[in-house]
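Asker: Structure below; questions to follow.
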Amino acid sequence: MSKAVLVLENGDVHTGLSFGAEGVTLGEAVFCTAMTGYQEMLTDPSYHRQILVSTAPQIGNTGWNTEDGESLLGKRSQVRWSADFIDHQDPGKIWVAGYAVRNPARRVSNWRATSGLEDELSAQGVVGIAGIDTRAVVRTLRETGSMRAGIFSGEAVSTDDDMLARVRAQAPMAGADLAAEVSTLEPYVVEAAGEPRFRVAALDMGIKANTPRMLAARGVEVHILPAGATFDDIMAIEPDGFFLSNGPGDPATADRAVELTRQVLAAKLPLFGICFGNQILGRALGLGTYKLKFGHRGINVPVVDVATGEVAITSQNHGFALEGKAGDEFDTDFGRGRVSHVCANDGVVEGVELIDGSAFSVQYHPEAASGPHDAANLFDKFVAAMDTRAASQTPEGTDS
């Protein structure tokens, strides 16, 4: 192992050892409080162009496997996938720009592992750093905010001034339009488990693998479309509903997705959005967005359902949020809307909806793998909305 350094935009330099590939990587430094599920985190497309710092001190003991990835490394050569569309030869594409840990496990101890974490980082060319005081890094990011950073290892290590200059020369996350960079290039279909009940068009802005799996388990055939899909592309599928996925970047740049969403709302298709999709729906309903100081990233974030007062423990990964607060109701071009969920920790908007129930979204991840699963019933809510629409279109229920 060679020397490695993590350089933060504020000038802090943390010295450790190389972990994974050697070289240089740049990105926004963020931290995640989850103690498990590092494979799901590293393969989440929402971490594109970010250097992830794990708060858990020991990382890597469960190794890496070909089942838990949230994205696919290989090209999607099939047009249709079964509901359980695991490719047991595909380890999953790692999307983080870099990875920073305290104490990496050098020996894998899990019966499901097919390789080690560091082996997979090296194989995919992901530059990381180990042996640094991640608690100190997290304190800085928590107090100062997420910032641009770089990891330099091996021959890429140079003077502090040179490395800091490279860090500060990169573009910030605010204003970054990244969804198209992580989206599928070609449409594909995930088949329903059992007899299909509904067909959903899903806009892939960084969709996680467990999302279509959760829908398929409920009898939904999922047609996953590239981020650049048009309204005509969607309607050609003859969908019963529309899904807005999670994804990376600044939602203020996603004008095309917002306009597409407005067309879908005007067509009165049931709509469900997650994370980035929550921000897109919010913008389509007239709300603004802003960048959080250090974001929400973890699997223990409490969210309050404003209508019922119930609290769900949720998985989250976002650095931007919608403007608003608990109790807000507002007029939209598509009916009355409201803030449906807020974070119990800081009051950040965690969900919006149309009061008639035809469209809703949440900022957190109800498809969470490896957990928690408190919010999985939101997929049932989406199916119920499609049920309601189908009933209204029967001869007895159709308006004349």
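Asker: Report the extension gain between Asp356 and Ser158 in nm, rounded to one decimal, defined as 0.36 nm multiplied by the number of residues separating them, less their alpha carbon distance.
Answerer: Here the segment from Asp356 to Ser158 would lengthen by 65.4 nm.
Asker: How about the stretch 299-355: which GluC sites (Glu not before Pro) there lie in a loop by DSSP and see at most 11 other Cβ atoms within 10 Å?
Answerer: In loop regions of the stretch 299-355 (DSSP not H, G, I, E or B), the sparsely surrounded GluC sites (Glu not before Pro) are Glu310.
Asker: Below 8 Å, C-alpha to C-alpha, sequence gap of six or more: please give me the relative contact order for the chain in percent.
Answerer: 15 percent
Asker: Another one. Which of rounded, prolate or oblate describes the stretch 179-392 when judged by the alpha-carbon gyration tensor and an a/c cut-off of 1.5?
Answerer: Rounded is the answer for the stretch 179-392, as its axis ratio a/c remains below 1.5.
Asker: Between Leu17 and Thr114, what FRET efficiency comes out of the Förster formula 1/(1 + (r/R0)^6) with R0 = 22 Å and r the beta carbon distance, rounded to 0.05?
Answerer: The formula returns an efficiency of 0.35 here.
Asker: Full-extension gain between Thr253 and Ala171, please, as 0.36 nm times their residue separation minus the C-alpha to C-alpha distance.
Answerer: Once the chain is fully extended between Thr253 and Ala171, it gains 28.1 nm.
Asker: Under a 10 Å cutoff between Cα atoms, tell me which one of Thr134, Thr144, Thr15 has the largest fluctuation in the Gaussian network model of the chain.
Answerer: Thr144
Asker: Please count, across the chain, the pairs of lysine residues with Cα atoms under 25 Å apart that sit 8 or more places apart or on different chains.
Answerer: Lysine pairs meeting both conditions in the chain amount to 10.
Asker: Right, here's the next one. Calculate, for the chain, the solvent-accessible area per residue in square angstrom, rolling a 1.4 angstrom probe over the heavy atoms of the protein chains.
Answerer: 41 Å²
Asker: Express in nm, to one decimal, how much length is gained between Met235 and Lys293 on full extension, taking 0.36 nm for each residue of separation and deducting their alpha carbon distance.
Answerer: Here the segment from Met235 to Lys293 would lengthen by 17.0 nm.
Asker: Which loop chymotrypsin sites (Phe, Trp or Tyr not before Pro) in the stretch 88-187, with loop taken from DSSP, have no more than 13 other Cβ atoms within 10 angstrom of their Cβ?
Answerer: Those that pass, being in a loop and sparsely packed, are Trp111.
Asker: So if I place +1 on the C-beta of Lys and Arg and -1 on the C-beta of Asp and Glu, and nothing else carries charge, what would the dipole magnitude of the chain be about its Cα centre? I want it in debye, nearest 20.
Answerer: 800 debye
Asker: Also, quick follow-up: Kindly provide the helix-only [θ] at 222 nm of the chain, computed as the sum of -39,500 (n - 2.57) over DSSP H runs of four or more divided by all residues, to the nearest 500 deg cm²/dmol?
Answerer: Counting only the DSSP helices, I get -6000 deg cm²/dmol.
Asker: Extending each Cα 7 Å along its Cβ direction at Arg336 and His373, get the distance between those two points in nm, one decimal.
Answerer: The answer from the label model is 3.6 nm.
Asker: Give me the dipole magnitude in Debye, nearest 20, for the stretch 247-400 about the Cα centre, with unit charges on the beta carbon: positive for Lys and Arg, negative for Asp and Glu.
Answerer: Dipole magnitude for the stretch 247-400 comes out near 440 debye.
Asker: In addition: Of the labelled options (1) 29, 56, 14, 1; (2) 24, 48, 14, 11, 3, 0; (3) 26, 50, 21, 3, which one gives P(r) over Cα pairs in 20 Å bins from 0, in percent as computed for this structure?
Answerer: Computing P(r) over Cα pairs in 20 Å bins from 0, in percent and matching it to (1) 29, 56, 14, 1; (2) 24, 48, 14, 11, 3, 0; (3) 26, 50, 21, 3 gives (1).
Asker: In nm, to one decimal, how far is the modelled label at Ala391 from the one at Ala123, with both set 7 Å along Cα→Cβ?
Answerer: 4.9 nm
Asker: Another question, if that's okay. How many angstrom lie between the C-alpha centres of the stretch 332-400 and the stretch 253-303?
Answerer: 12 Å
Asker: Calculate the FRET efficiency for Asp380 and Lys268 from the Cβ-Cβ distance with a Förster distance of 22 Å, rounded to the nearest 0.05.
Answerer: So the FRET efficiency works out to roughly 0.60.
The values are calculated or read from the model by the stated rules, or taken from the named source; none is laboratory data. Everything numeric in this text was worked out from a predicted model, so none of it was measured. Cβ: placed from backbone, ideal geometry, glycine included. Neighbour counts: every protein chain shown. Just so you know, the surface numbers come from the protein's heavy atoms only, side chains and all, with ligands and any DNA or RNA stripped out. Shrake-Rupley method; radii C 1.70, N 1.55, O 1.52, S 1.80 Å.
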